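Trainee: The structure is given below, and queries will be raised subsequently.
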Amino acid sequence: MARATKRINLGSRRTALSAAATATAAGAAWGASYLGDRRRIAADPRHAALLRPVGGRTVPVRAGDGTDLRVRVFGPEGAPTVVFVHGWTCALEFWKLQIQALQGDLRLVAYDLRGHGDSAPSSGGDYSIQAYANDLDAVLRATVPDGERAVLVGHSLGAMTIVAWASDRPDEIEQRVSAAGLFSTGVGDLITSALVLPASGVNERIQQELTQLFLGSSAPLPKKASPVVNRVVQYVALCGAASPATVSFCAQMVLRCPRDVRANTGTTLSSLDLYEGVEALTVPTTVLVGTDDRLTPPVHAERLADRLPELHELVELPRVGHMAPVENPSATTDAIRSLVTVA
């Protein structure tokens, strides 16, 4: 019996040593992957521009329900005004490449949606599309000079917000807005058309239920970006060709969004239907989409283009995912300049 006991102890020791060796190897591989990611990000030509502080002049804005919004204004006073509205889990910094390119000759307004970035959380817990539309109205009234019209440019949820605002105020559109840009977005059937989950081998109903769970999930996310987080964010929101600095920049924004804001807003998106409101947007409007967008695939852009009363352009960007303004900033900026010329 004594010999048997000894063999068992030796076996346990070998198992422990093997597990320790495996853990050490895994840790070394993780460290090498992390350092490799950091080197690729630092070497990315776009890294410096994405790292640069956004700047701008602060304008205090309080929404109708008392929620304080972070608002910045850039560029010369008296120039045509462009108002940027970012998307779900992002912040006004999402537009920094457009701001850097356009602030020399245009007056630009960007703000954080309620609960996002440095805006306050909703004072009443309201993250409905109507609440976001009312916030946009408050920003317009505080930042667009009386008698002037603005170009509205929205990405994803920001574009949905523009459509909701127009739907609620059809009589004000042509007096307050000169043109609009709806980028990487849809206005309904978001779950049915999403391509986040592979379609192969997955029942359509199960796929839709899983997508709905994904949108409304309040599960905690890591506090810092990592190789694994970056790759997950890239798969969901960007294309395979997105540069390392672009992926890292987007991942850090997503991780910063409070999980209750992410979940409540995601629930709003899962049941969104703004198709009837599209016809209220009676100004020249550009629809822009990346061909590799999994969250709002090109079918949404095509539906929007078919319904808009005055389509200016339908722009499809090859090898671009959902984050078009940072994945292909030059084409996105060109689309905005084109809108300003027809405004």
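Nothing in this text is a laboratory measurement; each read-out follows from the coordinates by a stated rule. Quick caveat, the model's predicted, so the values are computed rather than measured. For neighbour counting, all protein chains shown are included, and Cβ atoms are generated from backbone atoms with ideal geometry for every residue, glycine included.
Trainee: If Lys and Arg each add +1 and Asp and Glu each add -1, what is the summed charge of the other residues whose beta carbon sits under 14 Å from the beta carbon of ALA301?
Mentor: Its environment carries a net charge of -4.
Trainee: How far apart, in nm, are the 7 Å Cα→Cβ label points at ARG337 and ALA48?
Mentor: 2.1 nm
Trainee: Also: Rg/Rh for segment 61-151 to two decimals, with Rh computed the Kirkwood way over all alpha-carbon pairs.
Mentor: When Rh is taken as the Kirkwood radius, the ratio is 0.97.
Trainee: To continue, here is another question. ALA142 to SER226: extension gain in nm, 0.36 nm per residue of separation minus the Cα-Cα distance?
Mentor: 26.3 nm
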